[in-house]
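Note sheet for the following structure.
The values are calculated or read from the model by the stated rules, or taken from the named source; none is laboratory data. These numbers were taken from a predicted model, which means no experiment stands behind them. Please note: Cβ atoms are built from the backbone with ideal geometry, for glycine as well, and neighbour counts cover all protein chains shown. Heads up: the accessible areas ignore ligands, DNA and RNA and are worked out on the full protein's heavy atoms, side chains in. Shrake-Rupley method; radii C 1.70, N 1.55, O 1.52, S 1.80 Å.
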Amino acid sequence: MSQSVRRASAVLVVCHAVALSACSYSASQSSTTMGTSVGASSASRAPGDPRIAPRVAAQFPSTWRLPAGAQATFAPNAMAVSNSMHASDAASEILKRGGNAVDAAVALGFALAVTWPEAGNIGGGGYMVIKLADGRTAAVDYREIAPKASSRDMYLDANGKLTDKSIVGHLASGVPGAVAGMAHALEKYGTMSLREVIQPAIKLARDGFVVDSALASSIRGTDRVPRFDGKTLFFPNGQPLTTGARLVQPELARTLQAIADNGVQGFYRGWVADSLVAEMSRGGGIMTRDDLAGYTPRERTPIRSTYRGFTLLAMPPSSSGGVTMTESLNILETWPRTAPHGSTMWHHSVASAYQRAFVDRNSKLGDPDFISVPLEQLISKSYARQLRSTVRDDRATPTRDVDSMMKAPLREPMNTTHYSVVDRAGNAVATTTTLNGSWGSGVWVRGAGFFLNNEMDDFAAQPGMPNMFGLVQGEQNAIQPGKRMLSAMSPTIVLDSASQVLLVVGAAGGPTIITGTSQIVLNVLDHRMNLADAMRAPRLHHQALPDSLRYETGGMTTAVADSLRAMGWALQPVRALVNVNAIMRVKGGWEGVPEPRRSGGASGH
Ligand code: GLY
């Protein structure tokens, strides 16, 4: 495998107002550095498979920093893509040894807990969507749950004001589901033992690995880790680990070994559980042994929807990801043709669809074990037509009068991580997992060597008030003991007309997960971009409240921005939106692309 620097081209698109036909194009060139890759790219090759439509060269504004025309990693048989090259390689190792995509995904998940500790985890939770080559599909929900001693107003102070205890420290954690969920998926859909697939993670923790610039920057950027015991490891002598340092995690290795030896009981009972509960006692947390022993993952039916002839398999509640994405795509499908990427009408239609789907998300979704979710209605095509009738083609619709909230900054960087895996047989796994904020609650379990989530903030800690993602959610997502907090995680698998896997995709980034994931789908299906361009294309986001259309700096032309403002959109530029990792089927194999805005790696054979 080698690091490669390749030439890439970009094309300027200028569109005036909503007159979509009035777009002019001019080409420019620049060079770009891609992640580690194997084999040659097929980004520009004409696919011979009739089910893969020919790709069309993408055209981005000249001001955009990720020009089109870069290459993806290609592998003929199997592929894994994640935010950590080490973790992708761990999955690849399992795939090469004959493991299937589920075996490899679980190996990758445990390895990420070692090599991408800001988000990869055993102290958090996640979701896994599986499509097996024999036609079976599955959705494993291993979201954290609220501890038994939690209560609706536990994060309000004596004056009824929201504190930061849902975000930092020992009270912020839900009961972790990651180990139980991954073990469940492996046992039911994998072919290898937990002991086998966890070996690469144990080795990485025990022998260590070299800290790269992305991890070093993440360590440097956290003010949370130094407040708890993890500082001994990540801030030796009070200084953050730097690029090139070797990170050895003997305590985490011991915990992983306990899981290898005793299965899920090695985590949820025994000395690891004791360490976690002791950590809770030290910091005023409420999670008990009983909470841990009682955790069970849920197997749910994936949402199966269609978009312009393709089938999507997506995650149902307790994640909002699948419903909100399906609702958005259903609304967009009511336009007979998708507007050109980057045009005023593209921004207007896509943002209007998201805005409406997020209104439903924020008011109607929650843990289906606790509330009644109108799932069938929300994902129906007839409901989408109804919503479409509320969109004017020449004007934005205000979500509400929320000027002051629109200016509210996000309270902290968000972090989650997604990985995609495919194997030689055509099995596919899309997994998204999270500690919620970067480095979770900051709490590191003394003696067991892992970080705990701050997922309790994904509840509406004070219904009607924004959480750390600025999401304003209602009573349906209020805290209740044993309840799963609503998520935006959107692991998704797209099938072609022959029910073969075309795309495996998902993202990190709180509510932007939904919009970012769906834009990769749109870029591939509507705009027929190859995967590298689809990933590099400028992104937008709308989540109803705050009522602003976020876009990536440099990713929107001035003419389009002026037109959108004239239509009533409040625009909010942001440096980068979403962290996606995706795989796409191409002629003769697979292309994998880790997020070009962050770090990561694609590994295959
Ligand atoms: N923690 C982010 C999410 O689940 O949406």
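Just a few scattered comments:
- Tensor-based shape of segment 110-247 (alpha-carbon gyration tensor, a/c under 1.5 rounded, otherwise prolate or oblate): oblate
- Over segment 495-535, the reciprocal of the mean inverse Cα-Cα separation, the Kirkwood hydrodynamic radius, stands at 10.8 Å.
- Protection proxy ranking, peptides 487-493, 347-353, 335-341, average beta carbon neighbours within 10 Å, highest first: 487-493, 347-353, 335-341
- Cut-off 12 Å between beta-carbons: net charge of the residues surrounding Gln239, Lys and Arg +1, Asp and Glu -1: +2
- Under 20 Å from Lys587, Cα to Cα: aspartates and glutamates that are on another chain or at least 8 residues apart: Asp49, Asp423, Asp496, Asp526, Asp533
- Dipole of the chain, positive end: most advanced residue of Thr222, Pro61, Thr397 [Cβ charges, Cα centre]: Pro61
- Packing-based order for 137-143, 287-293, using average beta carbon neighbours within 10 Å, highest first: 137-143, 287-293
- Largest to smallest accessible area among Lys148, Lys364, Lys131, Lys165 [probe 1.4 Å]: Lys148, Lys165, Lys364, Lys131
- Cross-link pairs Lys148/Lys188; Lys131/Lys483; Lys161/Lys483; Lys96/Lys483 - those with Cα-Cα distance over 30 Å: Lys96/Lys483
- Along segment 187-199 the Karplus relation, 6.51 cos²θ - 1.76 cosθ + 1.60 evaluated at θ = phi - 60°, assigns HN-Hα couplings of 5, 8, 10, x, 10, 10, 8, 4, 4, 5, 6, 7, 4 Hz to successive residues, with x for each Gly and Pro.
- Segment 390-399 - phi-based ³J(HN,Hα) in whole Hz, Karplus 6.51/-1.76/1.60, Gly and Pro as x: 8, 9, 8, 6, 10, 9, 6, 9, x, 5
- Only Lys, Arg, Asp and Glu carry charge here, each on its Cβ (+1 for the first two, -1 for the last two); on that basis the chain has a dipole of about 940 debye about its Cα centre.
- In Å, descending, principal axis extents of the Cα set of the chain: 66, 58, 47
- Legend: calculated FRET efficiency, Ala293 to Asp212, from the Cβ-Cβ distance at R0 = 45 Å, rounded to 0.05, equals 0.75.
- Surface per residue (accessible, 1.4 Å probe) for segment 92-215, Å²: 30
- Along segment 545-556 the Karplus relation, 6.51 cos²θ - 1.76 cosθ + 1.60 evaluated at θ = phi - 60°, assigns HN-Hα couplings of 10, x, 7, 9, 9, 8, 9, 7, 3, x, x, 10 Hz to successive residues, with x for each Gly and Pro.
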